[in-house]
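Here the structure comes first, spelled out in structure tokens, and everything after it is commentary.
The values are calculated or read from the model by the stated rules, or taken from the named source; none is laboratory data. Remember, predicted model here, so these are calculated numbers, not experimental data. Cβ coordinates were reconstructed from backbone atoms using ideal geometry, including for glycine residues, and neighbour counts include every protein chain displayed.
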Amino acid sequence: MTSHDPLPSVDPRTALVLFSGGQDSTVCLAWALARFARVETLGFDYGQRHRIELDCRQTVRRELTAQFPAWADRLGEDHMLDLSLLGQISDTALTSERAIELQANGLPNTFVPGRNLLFLTFAATLAYRRGASVLVGGMCETDYSGYPDCRDNTLKALQVALSLGLDSPMTLDTPLMFLTKAQTWALSDQLGGARLNELIVEHTHTCYLGDRGRRHAWGYGCGECPSCQLRAQGHAAWVAAQGQGV
């Protein structure tokens with residue numbers, strides 16, 4: 001099978017993708033579109049400092065369907081939830097104008113406590129109503145900032161809790177969980193080739209500071225925040241691996 005061949009079969013279930021407008025969630029959206037018969041997207045407005053990512057969401061959705069017609073019929077509705085309360089009770093560098101730094105507990109102050117737990121709980125509630133039984137998120141515990149709610153064990157436990165609490169099986173798929181950022185670039189290349197990676201570079205947003213004034217080989221961003229650094233390092237490693245024929 002080549003990188004652009006269709007998968008041999010399509011999962012008939014409906015998947016709900018947690019879609020922020022960033023690189024990782026866009027790769028997850030493409031991954032879901034390649035696998036599931038129907039895919040819907042969900043975004044959260046929680047007062048994030050880099051709220052510009054929400055402005056990218058519809059552009060990314062539009063470009064995906066325009067450039068990959070085979071996915072267009074599978075992409076269903078988009079949903080946006082107002083979780084501004086989370087921003088109100090969080091004192092973090094993602095929800096207020098403050099310097100990004102490490103805290104005494106070893107976590108960066110970009111960690112928003114309970115964010116992914118709340119996101120997935122609300123997503124499961126929406127999925128239940130929409131007839132979706134798969135939640136797809138871009139959480140990763142390989143190249144990441146150390147957030148405890150991105151870890152595989154956390155999400156496995158949450159999958160059990162959600163399925164029990166809803167009395168309905170709910171699958172949490174995290175296709176990036178054990179991938180490096182370089183491998184994430186390789187995955188998007190496998191899913192959609194140079195077109196998808198160019199779409200990601202040009203239209204997604206991941207920078208914590210919301211900087212879209214500077215375009216790098218890996219996309220727009222300040223180039224200095226932890227998110228930009230991870231993205232840049234991963235892109236450089238992926239380009240190097242390509243040059244070595246890996």
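Asp189 falls short on exactly one of the conditions (1) touching an Asp or Glu at 6+ places or on another chain (Cβ under 9 Å); (2) among the charged types (D, E, K, R); (3) assigned to a helix (DSSP H, G or I), and that condition is (1).
Scanning the stretch 12-51 for residues that are under 20 Å from Gly193 (Cβ atoms) and among the hydrophobic types (A, V, I, L, M, F, W, C) yields Val27, Cys28, Leu29, Ala30, Trp31, Ala32, Leu33, Ala34, Val39. Thr65 meets each of the listed conditions (1) modelled with pLDDT of 50 or more; (2) assigned to a loop (DSSP other than H, G, I, E, B) apart from (2). Which of the residues belonging to the stretch 204-229 are among the aliphatic types (A, V, I, L, M) and modelled with pLDDT of 90 or more? Result: Ala217, single match. Candidates are the residues of the stretch 175-198 that are out of contact with any Phe, Trp or Tyr (no Cβ under 9 Å at 6 or more places or on another chain) and touching a residue at least 60 places away in the same chain (Cβ under 8 Å); the one that is surrounded by the most Cβ atoms within 10 Å (Cβ to Cβ) is Gln190.
Between Val136, Val201, the distinction of being closer than 21 Å to Glu40 by Cα, touching a strand residue (DSSP E or B) at 6+ places or on another chain (Cβ under 7 Å) and modelled with pLDDT of 95 or more belongs to Val136 only.
Scanning the stretch 199-236 for residues that are small (Gly, Ala, Ser), part of a helix (DSSP H, G or I) and surrounded by fewer than 17 Cβ atoms within 10 Å (Cβ to Cβ) returns a single hit, Ala236. For the stretch 38-47, the count of residues that are at pLDDT below 95 and assigned to a loop (DSSP other than H, G, I, E, B) is at least one.
Please specify each residue of the stretch 29-60 satisfying the condition of being acidic (Asp, Glu) and over 22 Å from Arg129 (Cβ atoms). Hits for the stretch 29-60 are Glu53, Asp55. Here Asn153 fulfils each of the conditions (1) modelled with pLDDT of 95 or more; (2) over 17 Å from the mean Cα position of the chain (by Cα) apart from (1).
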